[in-house]
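Let me begin by presenting the structure, written as structure tokens, before commenting on it.
The values are calculated or read from the model by the stated rules, or taken from the named source; none is laboratory data. All of these numbers come straight from a predicted model, not from anything done at the bench. Note: ideal-geometry Cβ built from the backbone for every residue, glycine included; neighbour counts use all protein chains shown. Heads up: the accessible areas ignore ligands, DNA and RNA and are worked out on the full protein's heavy atoms, side chains in. Shrake-Rupley method; radii C 1.70, N 1.55, O 1.52, S 1.80 Å.
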Amino acid sequence: MDTLTLQRHHIPFWPTVALAAMAWLAAWFAAWPVSQWAAFDVLGLEQGSSLGEAVAFFLYDVPKVLLLLLGIVTIVSFLRSFVPPERVRAVLAGRGVVAGTVGAALFGIVTPFCSCSAVPLFIGFLQVGIPVGVTLAFLISSPLVNEVALVLLWGMFGPQVAIIYMVAGLSIAIVGGLLLGRLPLERFLEPWVLEVRGAGGGSHLTETSTDTEQRLRDAWGSTRELVRKIWPWIVVGIGVGAFIHGYVPTDVIVDIGGADNPLAVPIVTLLAVPLYAGAAGVIPIVEALLDKGLPLGTVLAFMMATVAISLPEFVILRRVARPPLLAVFLGVVVSGILAVGFLFNALGI
């Protein structure tokens, strides 16, 4: 009887995987319209109001980031089961660190994520044993320099501004990653991350296993465990971002960011840190600031700080890394942004 019951309730594995993939895609494409419908039709909030935009932002970003986390970490966990962690570390050790850092920064260009959405892939890199400096280069580059931002910049301001922004952003990511990679930052990862890295990424398979189904089951199990640990931090971080998105004014930036203020670059950088937007979302603000006569260096510093070092990102990262690592990361990125702002203002570009 027990055997018959089990057989009756047995669900074929691969059709289940196919259905799960289709459900993921459906949820991904439905997230935006559902968030708009829920905020403005179901809840009756006014479109364009502070509360309405904050709620819509929250309802969209929470499922978006959680879907990315589920999808990316599952795929990374599955793929890493085919590559021994020792091999990954060997490829990226020594001379490979420079190439790995440059490669991670370039990879960030083709991943159009906001700072929070880049975190899942950053976690996957850490789990597979890739050096911290290399993973941080990606975390800087992905929200800062991506193809969406470059296309919009090119279309709105021409190729010169787009190329300047790309070179400046990649320079910050590569130099920042190399500098951070020279520091002993691994000890400031949270213990559960170190345990996963030490266990070869959390895989329960031996290196000789060739069971694809079991590899995928283990990858999904590792992902569920990770999401269980980190999802409250994601919700809190996005909640902070939603509040800022809806309620923080930007007119003050125009008032203090003029060319006659020598402290304009550090001030607008500081003001941008609490803000939360992807590169595509902040470009209309950039256009308005340039139209108001703000220097390009000041505007670039504001845009870079908004997309690369958001407060919600650090709330989520706190579940992965301890405050000393986050402080060093913040210091390196802010220093690079300030250097770019001052340089372009001094050159009068």
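The set of residues in the stretch 189-220 being closer than 19 Å to GLY124 by Cβ, in a helix (DSSP H, G or I), in contact with a Leu (Cβ under 8 Å, 6 or more places away or on another chain) and at pLDDT 70 or above consists of VAL193, ARG215, ASP218.
A quick yes/no check of all residues on (1) among the charged types (D, E, K, R); (2) under 16 Å from the mean Cα position of the chain (by Cα); (3) at pLDDT 85 or above:
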| residue | (1), (2), (3) |
| --- | --- |
| GLU46 | yes, no, yes |
| GLY52 | no, no, yes |
| PRO63 | no, yes, yes |
| LEU68 | no, yes, no |
| VAL73 | no, yes, no |
| VAL76 | no, yes, no |
| PHE82 | no, no, no |
| PRO85 | no, no, no |
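One residue stands out among those in the stretch 317-333 that are more than 15 Å from the chain's Cα centre (by Cα) and of a type outside the set (Val, Ile, Thr): the one that is surrounded by the fewest Cβ atoms within 10 Å (Cβ to Cβ), which is PRO323. Across the stretch 157-173, the qualifying residues are those that are open to solvent by 40 Å² or more (accessible area, probe 1.4 Å) and of a type in the set (A, V, I, L, M, F, W, C), and the one among them that is farthest from the chain's Cα centre (by Cα) is PHE157. Among all residues of the stretch 260-273, there is none that is within 30 Å of ILE75 (Cα to Cα), open to solvent by less than 30 Å² (accessible area, probe 1.4 Å) and modelled with pLDDT of 65 or more. Tell me yes or no: at least one residue of the stretch 24-43 is surrounded by 19 or more Cβ atoms within 10 Å (Cβ to Cβ), hydrophobic (A, V, I, L, M, F, W, C), closer than 26 Å to VAL273 by Cα and at pLDDT 75 or above. The answer is no; no qualifying residue exists.
Kindly check whether there is at least one residue in the stretch 281-296 that is at pLDDT 65 or above, under 25 Å from VAL73 (Cβ atoms) and of a type in the set (Asp, Glu). Checked against the condition, which is being at pLDDT 65 or above, under 25 Å from VAL73 (Cβ atoms) and of a type in the set (Asp, Glu), the stretch 281-296 yields no hits at all. Listed conditions (1) at pLDDT below 80; (2) touching a Ser or Thr at 6+ places or on another chain (Cβ under 6 Å) are all met by ALA137, apart from (1). Within the stretch 298-307, not a single residue is in a helix (DSSP H, G or I) and either at pLDDT below 75 or open to solvent by 20 Å² or more (accessible area, probe 1.4 Å) (or both). Taken over the stretch 110-129, the criterion of being among the hydrophobic types (A, V, I, L, M, F, W, C), modelled with pLDDT of 70 or more and in contact with a Lys or Arg (Cβ under 8 Å, 6 or more places away or on another chain) is satisfied by LEU126 alone.
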